[in-house]
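Heads up, the thing below is written out as structure tokens.
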Amino acid sequence: MHTPIIHVIIPVFNEEKSIGLVLAEIPRDWVQEVIVCNNGSTDNTAQVAQAAGATVVFQPSKGYGNACLKGMEYIRQKPLAEQPDIVVFLDGDYSDYPEELPLVVGPVLNEGIDMVIGSRLSSGKAEKGSLTPQQVFGNWLATFLIRHLYNYHFTDLGPFRAIRWKSLLALNMVDRNYGWTVEMQIKAAKQKLRCTEVGVRYRKRVGVSKVSGTIKGTILAGYKILYTIFKHL
């Protein structure tokens, strides 16, 4: 029986204090390769990631989506036989629980699901203060609109997610910054992918968020998420 090949993509920007913790807790017996996408870091993030056994690719152009696209580009350059069956995305700030990777990929492996979102909101296990009020409201608004405009039910735009590699390629992802996660979910809905959620734990990140930790980042992310939702109608 074919053993599924799983790759992990982690976009990072100045996460030298957290990336080693993240990499140490990824269940390596489940994962063939971890790709850390260094998004213009000015600290030792890349060196820490390499020392921990990750493949590091470099994307100097800032943006969460840019970093994720770089990771996908690296995978596409592999021979077909070495490309993964499943790609898992998670953040490098230690807010996710990497050891829950088997939980997130489980529905893909066992239930024929195409994409799984790790929901921080449906589990009730998010640490107090780990999600800002604007994040909670933004997730509620975005998933409410997706439900009513695209007829797909999500509760979160959480970064911890698993998707079949072939399905991910078919989505033709293009967003280069804040709209990456919502673009993936909207395109999955439009293509009628089989999607589900699993409740995951969430904790306060190491360091300060570059998005929800600033007023500018919050406004720009909110605008981009709403723009992306309506653009694809």
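The values are calculated or read from the model by the stated rules, or taken from the named source; none is laboratory data. In this text, all values refer to a predicted model and were calculated from it rather than measured experimentally. No Cβ is skipped: glycine too gets one built from the backbone with ideal geometry, and neighbour counts run over all protein chains shown. What goes into the accessible areas is simple: the full protein's heavy atoms, side chains included, and nothing from ligands, DNA or RNA. Shrake-Rupley method; radii C 1.70, N 1.55, O 1.52, S 1.80 Å.
Please list, ordered by residue number, the helices (runs of 4 or more DSSP H) wholly in the range 140-233 having 3 or more residues that are touching a residue at least 12 places away in the same chain (Cβ under 8 Å) and under 16 Å from the mean Cα position of the chain (by Cα). Those helices (runs of 4 or more DSSP H) span 165-170, 180-190.
Taken over the range 107-122, the criterion of being touching a residue at least 60 places away in the same chain (Cβ under 8 Å), closer than 17 Å to THR181 by Cβ and in a loop (DSSP other than H, G, I, E, B) is satisfied by ASP114, ARG120, SER122.
The residues listed here are THR55, THR45; of these, the one that is of a type in the set (Ser, Thr, Tyr) and open to solvent by less than 20 Å² (accessible area, probe 1.4 Å) is THR45.
Checking each residue in the range 29-73 for being out of contact with any strand residue (DSSP E or B) (no Cβ under 7 Å at 6 or more places or on another chain), without any contact (Cβ under 8 Å) to a residue 24 or more places away in the chain and either of a type in the set (D, E, K, R) or in a strand (DSSP E or B) (or both) picks out ASP29, GLU73.
Of the residues making up the range 116-129, those that are of a type outside the set (Gly, Ala, Ser) and crowded, with 23+ Cβ neighbours inside 10 Å are VAL116, ILE117, ARG120. No other residue among PRO79, PRO84, PRO107, PRO60 is modelled with pLDDT of 95 or more, open to solvent by 70 Å² or more (accessible area, probe 1.4 Å) and within 17 Å of ILE5 (Cα to Cα) apart from PRO79. Note on the range 119-166: residues that are more than 24 Å from VAL87 (Cβ to Cβ), in contact with a strand residue (DSSP E or B) (Cβ under 8 Å, 6 or more places away or on another chain) and of a type in the set (S, T, N, Q) total 1. Of the residues in the range 6-15, not one is under 30 Å from GLY112 (Cβ atoms), open to solvent by less than 60 Å² (accessible area, probe 1.4 Å) and more than 17 Å from the chain's Cα centre (by Cα). Only residues that are farther than 16 Å from LEU131 by Cα, surrounded by fewer than 17 Cβ atoms within 10 Å (Cβ to Cβ) and at pLDDT 95 or above were counted across the range 180-225, and they come to 5. Of all the criteria given as (1) without any contact (Cβ under 8 Å) to a residue 40 or more places away in the chain; (2) under 17 Å from ASP91 (Cα atoms), the one not satisfied by VAL136 is (2).
Condition (residue is more than 29 Å from ILE75 (Cβ to Cβ), of a type in the set (D, E, K, R) and out of contact with any Asp or Glu (no Cβ under 9 Å at 6 or more places or on another chain)) applied to the range 132-153: is it met by at least one residue? Looking for residues that are more than 29 Å from ILE75 (Cβ to Cβ), of a type in the set (D, E, K, R) and out of contact with any Asp or Glu (no Cβ under 9 Å at 6 or more places or on another chain), one finds at least one in the range 132-153, hence yes.
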